[in-house]
Amino acid sequence: MTVAVIGGGAAGLVAAAFAAAAGADVTLIERTTDGGRKILISGGGRCNVLPSVLAPERFVTDSPAHLLRSMLRAWPLHEQRAFFERDLGIPLALEAESGKLFPQSNRAKDVRDGLVNFARERGVGMQFGTSVTTIQPADGGFTVQTSAGDIAATRVILATGGLSVPMTGSDGTGLRVAELLGHRMIPTYPALTPLLGSGHESLSGVSLEVRLRSKDGKRVTETSGGFLFTHRGYSGPSVLDISHVVTRPFDVASGFSRTIRAQWSPLNAAAWEREFEAPSAAIATLLSRHLPTRLAERLMMECIVPLDRRTSSLKRTERLSLIESLTTYVLPVTGDEGYKKAEVTGGGVALDEVEPRTLESRRCAGLYFCG
């Protein structure tokens, strides 16, 4: 059996190595000169390899949820961890704050190099600096047309990724090829991306831990973690995790009508009520115990509360306005930073046209997807 793997990222490298280990003659085709470039920039250059707990309900899909659950369970998390630690020789360490597993070395390059070497040691042939133009079904397999000539294969694994971070080599080729081969495509959109918003330029550089909430029809999405005001809008893990709610194509067409609400500290409305019961305390001081001073002062000004106001003279309307801003602040969203800064691409090949356990196409026998 001859297998052509299109794309030399993490998924392509693993797929190629496992196919070769099973006895296939494997060629991996990668358009960049080295492959694995997204690995190198993931996790701030540290590479968050795996989650410590697999929670299928936290994953987002536009396809039936049970299909995604089946795919996630096909390779159990403990086996994945064993693959990195035993087979690649890369010990992992838990980052308690995020619940993610990183290489103990905190070097993404160790992961990329480990995957490349693992594939090579199992006999995978690698063609770097080679672009795929199209894939044509042929008798008993496929003809893969590349910038370096045609390659015949009995099986093809599309592992090209999407459109995000084009500087790493992602250009949407795999999506176009899948569509040409008969697959229905879910409209793509930038996900895990910073968001744009106006009116908070003076807070640029302010960062804090927050809770964010947004409603997608009947579904409420909540995230928590770091938040950063930028000169163009908002960023940080909490923003990236909730960005898909407002970047989906049907929201773009309606002018980003959805809103995101922020709770600026762990304190809920009842807790803030108790804070404001402190006798003759300075409001600005109370807020600054839990928020950056610039944000605290901004909220007071928006609520038309004098900066020298004390709890003893705080009006009921002022207190209610402050509590609302502290716990359900509306963040205006006008757009997103696009694929250039998006960590992943939403949408793509519809999962109901893919076998959940093997990832083989239901439209084109011998074609597989990953990555």
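Can you tell me, using C-alpha contacts under 8 Å and at least 6 residues apart, the relative contact order of the chain as a whole percent?
20
Kindly state, to the nearest 0.05, the FRET efficiency for residue 154 paired with residue 98, given R0 = 56 Å and r defined as their beta-carbon distance.
Calculated value: 0.85.
Check which residues have an amide H placed less than 5 Å from residue 208's amide H, if you skip close sequence neighbours.
227
Where both partners of a DSSP beta bridge lie in the chain, what percent of those bridges are antiparallel, to the nearest 5?
The answer is about 75 percent antiparallel.
With just the Cα atoms defining each centre, how far is region 300-331 from region 77-133? Give it in Å.
50
Where the Cα atoms of the chain are projected onto their three principal axes, how long is each span, largest first, in whole Å?
Result, largest extent first: 83, 44, 34 Å.
Classify region 279-368: rounded, prolate or oblate, from the alpha-carbon gyration tensor (a ≥ b ≥ c, eigenvalue square roots; a/c under 1.5 rounded; otherwise prolate if a/b is larger than b/c)?
prolate
Amide H to amide H, which residues 5 or more places from residue 259 or on other chains are under 5 Å from it, using H placed in the peptide plane?
The answer is 215.
Between residue 70 and residue 273, what FRET efficiency follows from the Cβ-Cβ distance if R0 is 45 Å, with the result rounded to 0.05?
0.45
Order by neighbour count: 84, 229, 59, fewest other Cβ atoms within 10 Å first, most last.
Arranged by neighbour count, lowest to highest, 84, 229, 59 become 59, 84, 229.
Under the rule of at least 5 residues apart or a separate chain, name every residue whose amide H is placed under 5 Å from the amide H of residue 163.
It is 345, by chain and number.
Just to be sure I understand: if I project the alpha-carbon convex hull of region 194-337 onto a plane and average over all orientations, what area do I get in nm²?
In nm², the orientation-averaged hull projection of region 194-337 is 8.4.
Where does helix 316-327 land angle-wise versus the long Cα axis of the chain, in degrees 0 to 90, nearest 10?
20
Based on Cα coordinates alone, diagonalise the gyration tensor for region 17-60, multiply each eigenvalue by 5, take square roots, and list the semi-axes in whole Å, largest first.
Over the Cα atoms of region 17-60, the ellipsoid semi-axes are 26, 19, 10 Å.
Residues with beta-carbon under 14 Å from that of residue 148, excluding residue 148: net charge, scoring Lys, Arg +1 and Asp, Glu -1?
-1
Using label points projected 7 Å from each Cα along Cα→Cβ, tell me how many nm separate residue 81 and residue 207, to one decimal.
It is 2.8 nm.
No lab work stands behind these numbers, since they all come straight from the coordinates. Model, not experiment: these values are computed from the prediction. Because the Cβ atoms are built from the backbone with ideal geometry, glycine has one as well, and the counts that use them run over all protein chains shown.
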